[in-house]
Amino acid sequence: MKSSTIKGKHIAGLIILLLFIDQAFKIYIKTHYYLGEEHKILGDWFRLHFVENEGMAWGLQFGGSFGKIALTLFRLVAVIWGTFYIRNLIRKKAHKGFIICVSLIYAGAAGNLIDSMFYGLIFNASHLGSHHVAQLFPPSGGYAHFLHGRVVDMLYFPMIDTVLPNWVPFWGGKEFTFFDPVFNLADFYISFSFFMLLLFQRKFFPDMGKKEHGQPSDQKADLPQELNPTLNIQQENNTGDEPHSTSTVNIKSMP
């Protein structure tokens with residue numbers, strides 16, 4: 001059974017709100033923090049730490065300049081495809097929770113796409129080791145060409161920061177930090193949505209469980225006779241010249 005329907009304008013409003021929060025936070029960090037600057041928010045385990053990355057979520061990178069362009073174009077194609085996919089989900093009245101999760105993924109991908117496409121054009125460069133803070137729309141122009149912008153990350157949760165005991169194989173005596181990657185709100189949108197999809201997949205896709213266990217129990221017509229909940233047992237009595245008599249016994253299956 002599907003949840004109550006959701007309107008396209010509500011999803012559009014949600015995506016715009018998520019994008020606004022993501023971009024406002026990134027622009028604030030970019031124009032108020034120098035590269036590498038860090039401030040503790042909740043003790044040692046939650047900090048704002050300004051870094052930039054050329055690649056994927058969680059600071060992953062690949063392929064140099066060519067990989068950067070390929071990744072940005074892939075994000076662009078994914079966002080265009082996602083627009084039509086979300087519209088199709090709304091038209092087919094898919095589960096509201098599933099549509100919201102897909103919209104969060106869409107907003108996350110679009111948020112990092114904006115960084116990659118435009119940040120190189122609208123900001124001057126931030127350099128590690130310098131206390132220079134970037135400027136929005138600098139007179140001298142941006143630090144990179146179109147599609148070559150760097151993604152702004154700032155959320156850092158080093159909840160465990162310790163040195164592993166020497167008896168630990170391979171990593172003994174080395175520093176260990178969990179959680180080490182620095183990420184942004186767009187990354188959080190995507191990761192949170194995938195977690196919710198895994199957690200509520202049976203609720204979002206109720207028919208999936210039925211297919212895994214075969215046909216539903218209320219479909220009796222297609223079952224073979226020996227598996228049908230109503231069994232007809234015919235008994236024929238042959239006594240002398242008496243005509244054959246047939247009796248039917250209906251046995252109801254236990255609930």
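Between Phe179 and Ile100, what is the spin-label point distance in nm, taking each point 7 Å from the Cα along the Cα→C-beta axis?
2.0 nm
Would you kindly derive the ³J(HN,Hα) couplings of segment 15-30 from the backbone phi angles with the Karplus curve 6.51 cos²θ - 1.76 cosθ + 1.60 (θ = phi - 60°), listing them in order in whole Hz, with x for Gly and Pro?
Ordered by residue, 3J(HN,Hα) equals 5, 4, 5, 4, 5, 4, 4, 4, 6, 4, 5, 5, 5, 4, 4, 4 Hz.
Under 5 Å between amide hydrogens, which residues at least 5 positions from Phe46 or on another chain qualify, with H placed 1.01 Å from N in the peptide plane?
Sorted by chain and number, the residues that satisfy this are Ile41.
Relative to the present Cα-Cα distance, how much length would full extension add between His131 and Val168 at 0.36 nm per residue of separation?
9.4 nm
Given the Cα-Cα distance of Leu76 and Ser140 and 0.36 nm per residue of separation, how much length would full extension add, in nm?
Working it through step by step, the gained length comes to 20.3 nm.
Pairs of lysines 8 or more apart, or on different chains, with alpha carbons under 16 Å: count those in segment 8-211, would you?
6
For segment 8-211, list log₁₀ I(q)/I(0) at each q in 0.11, 0.15, 0.17 Å⁻¹, using the Debye formula over Cα point scatterers of equal strength and ignoring solvent, two decimals each.
-0.63, -1.02, -1.18
Test of understanding: what is the full-extension gain from Tyr85 to Phe46, defined as 0.36 nm times their sequence separation minus their Cα-Cα distance?
Going from the current span to full extension adds 10.5 nm.
Computed FRET efficiency, Cβ-Cβ of Leu121 and Tyr28, R0 25 Å: what is it to the nearest 0.05?
That pair, Leu121 with Tyr28, gives E of 0.85.
How high is the relative contact order of segment 8-211, in percent, with contacts defined as C-alpha pairs under 8 Å that are six or more residues apart?
The value is 27 percent.
Scaled to the compact-protein estimate 2.2 N^0.38 Å, what is the alpha-carbon radius of gyration of segment 94-161, rounded to two decimal places?
Taking the Cα Rg and dividing by 2.2 N^0.38 Å, one obtains 1.51.
Please list, in order along segment 184-189, the HN-Hα scalar couplings obtained from phi with the Karplus expression 6.51 cos²θ - 1.76 cosθ + 1.60 (θ = phi - 60°), rounded to whole Hz, x for Gly and Pro.
Taking θ as phi minus 60°, the curve returns 10, 5, 4, 4, 5, 3 Hz for segment 184-189.
Using the per-residue mean of other Cβ atoms lying within 10 Å as a proxy for protection, in what order, highest first, do the peptides 141-154, 100-113 fall?
100-113, 141-154
For segment 82-88, just list the computed ³J(HN,Hα) in residue order, Karplus coefficients 6.51, -1.76 and 1.60, θ = phi - 60°, integers in Hz, with x standing in for Gly and Pro.
Result, rounded to whole Hz: x, 4, 6, 5, 5, 4, 5.
Every number in this text was worked out from the coordinates using simple rules, so none of it is lab data. Worth saying up front: this structure is predicted, and the values here are computed from it rather than measured. When we count neighbours, we look across all protein chains shown, and the Cβ atoms used for this are built from the backbone with ideal geometry, even at glycine.
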